[in-house]
Amino acid sequence: MSNLNVKIGLEVHVQITSLKSKLFCSCSSEYRGKPPNTNVCPTCLGLPGALPVVNIEAVKAALMVALALKCTISDVLVFSRKHYFYPDLVKNYQISQYDGIGSVAIARNGLMTINVDGKTKPIRIRRINIEEDPGKIIYPTGSLLTSKYTLIDYNRSGIPLLEIVSEPDLTNPKEARIFIDKLRSILEHIGLVNPELEGSIRVDANISLEGGSRVEVKNISSSKDVERALTYEIIRQSKALEHGEVIRRETRHWDDLKKVTISARVKELEEDYRYFPDPDLPPFKISKELIEETASKLPELPDQRVERFMKTYGLSEYLANVLVSEKGLADYFEDCVKICGEPESIGNIIVNDLKRWIDELDLSIYEAIRLFPQKDLCQLVDLLNKNVINIKILKEIIPRALKSGKSASTIVYEEGYVDISDEDVLLKIIDEVIRENPKAVGDALTNPKAINYLVGQVMRKSKGRANPELTNKLLIKRLNELSRASSNAN
Ligand SMILES: [Zn+2]
């Protein structure tokens, strides 16, 4: 994939879920779970004569993100109308911002670094816009293509969104996933977005291959799906180019059930939107004081937290980066360390075991914490320190807790997951293994590395409960005895 000269740019739409009301009216921002079309007023229904009033908290939120992403902030706030016709858009225009002649985005020219395979890569941020969310289209009997009819719920209409646009500095799908995860972590650290809420982060991904036009895949709802959709597009486009086909400039949808992209329409050009400044919302000066006030409230951001984790807890850069990649994971780590200390082993277990299983079982960090709370991990570490369980058992209990919802200590005792450190019990198992594997014993007598096979057999026989260090020690002892006995016989 590396020689295809892939360029990827992302437009991330983020709902500012921390706000109480919509962007231009006083309707509640909590639209989820409400009966359809009840969380509305004349303004967010676009009725004639209704006038928008800017929610200043949304502007402050945008400034906060702009500062976190090292953007240049505009000294004036201008809202523009972006015209297009779609059933979820009540006014046939969206109040947004336009970065061009006669108008300007609230922030531009920012920078965010991502960490890819231990290397830091800068990704430029083109701009940040404030805009309103449209309503929601519902397909009651299937999908966009198959449903017999369509319903529209305007409860979401007017929810404040930030549109964060990157330059096409990303060169592969994995970088795109890491970019979104890092951005989400920044937004979570600022406290503006609850990523657990369905649809709170949606991504449009632009991708072009050398020799083809730019294709936009719209409305992808997770970073993993962005990676999948872009991988799909690289394969689709490179095959088409190989066959001499022309890659048109177009918009595609991501079908997250079939995991494919589907052609939707030929993309509108910027001029098709007929942007012009919204006469209902006169330009608004962004004062230096407002920016300074916002800057003074910026909390610790992920990059600073990584530094602190390395300094305060002595973690490696790798561990610190993985932990801070999700605010929930970093908080979980710090909570555990507060309860039971041992930052290094806690960090290792979280990154190498817990995180791996969270990904494998496709859980969110918050679901995982409910199933395997901080005190459970600390209990296991305590049992490990007291030699009641060994590290192998600890690693086994984590997925069992995540899958069953049982507490870790229940699993330890119910399932007899207790470490065997009794020498007599272990020697009995070891002698059986030696009897049953004469060839492996012969190998181990001449080649010390071959002992691992025998250790493995003891582990298997004990269902993973044998203490590995003690097993190793006792096996060596037994083998030495055997070796002495055979040389005496000679
Ligand atoms: Zn309203």
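Quick rundown of the values:
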item	result
Rg and Dmax of the range 2-295, Cα atoms only, in Å	19.1, 58
Efficiency of FRET from Cβ geometry, Thr72 and Leu361, R₀ 56 Å, rounded to 0.05	0.85
Phi to ³J(HN,Hα) by Karplus 6.51 cos²θ - 1.76 cosθ + 1.60 over the range 144-160, Hz, x for Gly, Pro	3, 8, 10, 5, 6, 8, 10, 10, 10, 10, 8, 4, 7, 4, x, 5, x
Net charge contributed by nearby residues that have their C-beta within less than 10 Å of Pro36 (K/R +1, D/E -1)	+1
Range of Cα positions in the chain per principal axis (Å), largest first	104, 56, 44
Cβ-derived FRET efficiency at R0 25 Å, Glu300 paired with Val53, nearest 0.05	0.15
Between the range 294-352 and the range 18-35, the alpha-carbon center distance in angstrom	33
Pair Ser147, Tyr84: separation of 7 Å Cα→Cβ label points (nm)	1.8
Estimated FRET transfer efficiency when R0 is 56 angstrom, pair Arg484-Leu257 (beta carbons, to 0.05)	0.25
Cysteines without a disulfide-compatible neighbour (Cβ-Cβ under 4.7 Å), the chain	Cys25, Cys27, Cys41, Cys44, Cys71, Cys336
Inter-probe distance in nm under a simple model that places probes 7 Å from Cα toward Cβ, at Glu307 and Val246	5.2
Violating pairs (Cα-Cα greater than 30 angstrom) within the set Lys119/Lys386; Lys60/Lys136; Lys20/Lys327; Lys395/Lys428; Lys119/Lys288	Lys119/Lys386; Lys119/Lys288
Separation of the Glu167 and Asn387 label points, Cα + 7 Å toward Cβ, nm	6.0
Of the DSSP H helices in the chain, those whose Cα atoms cover at least 27 Å axially and whose Kyte score averages 0.0 or more	none
Length added when fully stretched, Lys473-Asn37, from 0.36 nm per residue minus Cα-Cα	149.9 nm
Kirkwood hydrodynamic radius over Cα pairs of the range 302-414, then Stokes diffusion coefficient at 10 °C and 1.306 mPa s, in µm²/s	113
The chain - mean residue ellipticity at 222 nm from DSSP helices (-39,500 (n - 2.57) per run, n ≥ 4, rounded to 500)	-13000 deg cm²/dmol
Relative contact order of the chain, pairs being alpha-carbon contacts under 8 Å that are 6 or more residues apart, as %	14
5 angstrom amide H check on Gln97, placed H, neighbours 5+ away	Ser80, Ile130
Size of the range 359-490 as Cα extents on the principal axes (Å, biggest first)	65, 27, 20
Gain in span if fully extended, Thr231 to Lys20, counting 0.36 nm per residue against the direct Cα distance	72.2 nm
HN-Hα J in Hz across the range 200-215 - Karplus 6.51, -1.76, 1.60, θ = phi - 60°, x for Gly and Pro	6, 10, 10, 10, 9, 10, 9, 9, 9, 10, 4, x, x, 8, 7, 10
5 angstrom amide H check on Thr113, placed H, neighbours 5+ away	Ile123
In order through the range 359-370: 3J(HN,Hα) via Karplus (6.51 cos²θ - 1.76 cosθ + 1.60), integer Hz, x for Gly, Pro	5, 5, 8, 6, 9, 8, 4, 6, 4, 4, 5, 5
Cα centroid separation, the range 441-490 to the range 247-293 (Å)	67
Residues in the range 456-489 that a label on Lys439 would reach, taking backbone N under 13 Å of a point 7 Å out along Cα→Cβ	none
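Where a number appears in this text, it was derived from the coordinates with a stated rule and is not lab data. Nothing here was measured: the structure is a model prediction, and the numbers come from that model. Methodologically, a virtual Cβ is constructed for each residue, glycine included, from the backbone with ideal geometry; neighbour enumeration extends over all protein chains shown.
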